[in-house]
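The values are calculated or read from the model by the stated rules, or taken from the named source; none is laboratory data. Just so it is clear, the model here is predicted, and its values are computed rather than measured. So basically every Cβ, Gly included, is an ideal-geometry build from the backbone, and we count neighbours across all protein chains shown.
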Amino acid sequence: MRKKIFALLLVMVLGFSFLTGCGLVTRNDKNYYEAIVATITYGDGTKDDITKRELITAYNSYGYNYVQNYGYTKKKAIETTLDTVIDNYLTRRAVVDYYKEKNEDLLNDNETTYLWDKTYDAIYSNLKGYLENYTASEDSSEDTDAVKSVFKDYTSTAYLNSDLQIIKKTPATTIRDTYTARYKDGVAYNFEYKKDGKNVFQELMYDNIQSLLTTGSESSQRNWKNAFTKYISIIKDNYEYLNKSTNKDWFLFEENRVYEILRDNYIVEKYEVIYNTEKAQGANLSNVTALNVLKAYADKVNVDYTTYGLEGGSDYADKMLSDIANMDYVLEGDGASNYFYVAPIKISLDTEDTALISTYKSLLSAGSITQARYDKLVEPIFNKTRNLVTVRNEETGAADSKISVESLKQQIDNAISSYNYDETEDDAYNYNISLLKAEAYRKYFYLYNDDDTYKNADYNAVFGVNANGEALVSSDYDNDNIKEAIVSLYNAGNARIGDVSDIVEGEDGFYIFFYAGKIENLFDVSGSGLSLTNKQSIKALASRRLNIFSSKTLFDSLYSELETSNFSVFQNMNINRLRNDTQSIKSFDANLKDLY
């Protein structure tokens, strides 16, 4: 039971991470909330006190499920929730002791950066939840340090061993070694770092959030300011007894609260890694098998094959262009359209330019100016030598400088042309060339691109060319110039990964398109459907990338769907031993009974 509830604890800050009134409602009094409900005394005599506030937060986050879903009495649910909170304390203490014995830092630079990023993402997500009439444009300000302009490769949650067994990996398995640390003034991002009495990176997070309120269009700024005000009011309502003096103080408190939850959950995950790798060999073996994954894929392909290959589903083209993540079969044969991935870089015009274009279009539509006059008016706006391209820092994603669209195209061409396909070499050699070309382009795709849609996404944009040689595009790219560029890029089916379009003029800016690979079936599909059971097929799933820019594979995607939230921490880690290693664990019923 505990492991089910623990899973809820881990996700509680991924949505609105404050109290929602779904459980215990109590008075707003400092002494009341700071009352001690349990004390843990460790073997060395040190102590941890658990406050009523911690217990109420845990209960309102997940403990109430004991009553609603499992029929517990309120008293039993609160006691069980308190047990889980205690188990978390014991687990974190065990991890601290483990690294102390090894004379290593509990969290290295990679991990502190990871936790800073996760905290920012949670805070940002909470804030964005209060935006009224939210649109994607609200995300377009030059706002943040980490987020989308810094490439973060996929961290797999499992891998196949030589026997094709699936071995589980928790984030803590790899983050310590592989997550990319970032530095500011020579110091790794660390939410807890202080200099001259100032929490440097906590303040940096606050400044990044505040930039949302002061950049972008007037409507965007207004929406973010309203969202910030609402967020602050919720924090105040739930923690009024703290008597913070300014909105900034309240928000720094919220940052710290969310950070502590994420940090503590991460440390608990680290215990599972320590236990499984050092004390319970084989405990990381997944209960999902490779054949389970393969069967799941076969079922998905068969459904799509029946829907589109046999029954001729009418929404096939729309789904291919707009919902590729849920498409597992590609139509083949005479008359079939060809679909492929494209990584678009967009250079947006500024607001003054778009306003002018809108005015000129109105005049053209009203017959007040001719098409020739319109073309003459917009010509200086679409000048490729203007410094419209924002260049962002590779480590932080922050805006550094401006260059021209023409200069950007030249840099991309030079970078990609450093790697050349060789027809005398085998497929593996040329596949590696395609990865090198993608890596060269990725820098520009992330750091010089005003469109965040496909940064760190599982899939790239999808385009097509039908049997008549006409471009198939989603509504976002329904522009004659773009369609012409896509047909040219496709090159009658002869495109190769790394081919790049010329600079394309869109409605509201410039585009550069990178051909990122053909969309094709992984296996031959016969009229009788798909049935796969061999090792070669399993390995094919594990080698098929979803996106040329990322290491995430089709196997990774399928496995994550099949693997349940099975946190085996408390089952595997011998919680009873940790409890027995303490001097005492005492709860104080006098401070609990009003909650019953």
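Return a yes/no flag: does the stretch 210-232 have any residue that is among the β-branched types (V, I, T), outside the structural domain of K535 (by TED's automatic domain parsing) and closer than 19 Å to Y114 by Cβ.
Taking every residue of the stretch 210-232 in turn, none turns out to be among the β-branched types (V, I, T), outside the structural domain of K535 (by TED's automatic domain parsing) and closer than 19 Å to Y114 by Cβ.
Taking only the stretch 499-519 into account, find how many residues are within 29 Å of the chain's Cα centre (by Cα), modelled with pLDDT of 95 or more and farther than 17 Å from Y454 by Cβ.
Here the count works out to 2.
So in the stretch 309-323, with the set limited to residues that are under 21 Å from L541 (Cβ atoms) and crowded, with 19+ Cβ neighbours inside 10 Å, which one is modelled with the lowest pLDDT? Show your work before the answer.
First, pick out the residues of the stretch 309-323 that are under 21 Å from L541 (Cβ atoms): 309, 320, 323.
Adding the requirement that they be crowded, with 19+ Cβ neighbours inside 10 Å leaves 309, 320.
Details: G309: 89, M320: 96.
Residue satisfying both the conditions and the ranking: G309.
Going by what's in this entry, would L294 be described as within 20 Å of A471 (Cβ to Cβ) and assigned to a helix (DSSP H, G or I)?
no
If I go through the stretch 341-399 residue by residue, how many of them are of a type outside the set (D, E, K, R) and within 33 Å of the chain's Cα centre (by Cα)?
Here the count works out to 20.
Filter the stretch 339-358 down to the residues that are of a type outside the set (G, A, S) and in a helix (DSSP H, G or I) and list them by number. So that I can check it myself, show each step before the final result.
Residues of the stretch 339-358 of a type outside the set (G, A, S): 339-342, 344-347, 349-354, 356-357.
Across the stretch 339-358, the qualifying residues are T351, E352, D353, T354, L356, I357.
Of the conditions (1) out of contact with any strand residue (DSSP E or B) (no Cβ under 8 Å at 6 or more places or on another chain); (2) assigned to a helix (DSSP H, G or I); (3) of a type in the set (A, V, I, L, M, F, W, C), A336 clears all except one; give me its number.
Here A336 clears every test but (2).
I want to confirm something. Restricting to the stretch 437-452 and keeping residues that are among the hydrophobic types (A, V, I, L, M, F, W, C) and over 18 Å from the mean Cα position of the chain (by Cα), which single residue is farthest from E395 (Cα to Cα)?
Looking at the filtered set, the residue picked out is A438.
What's the total number of residues in the stretch 48-79 that are of a type outside the set (D, E), in a helix (DSSP H, G or I) and closer than 19 Å to T582 by Cβ?
In the first step, residues of the stretch 48-79 are kept if they are of a type outside the set (D, E); the result is 50-53, 55-78.
If we keep only those that are in a helix (DSSP H, G or I) too, we end up with 52-53, 55-63, 65-70, 74-78.
After this cut, where a residue has to be closer than 19 Å to T582 by Cβ as well, the list is 55.
The qualifying residues number 1.
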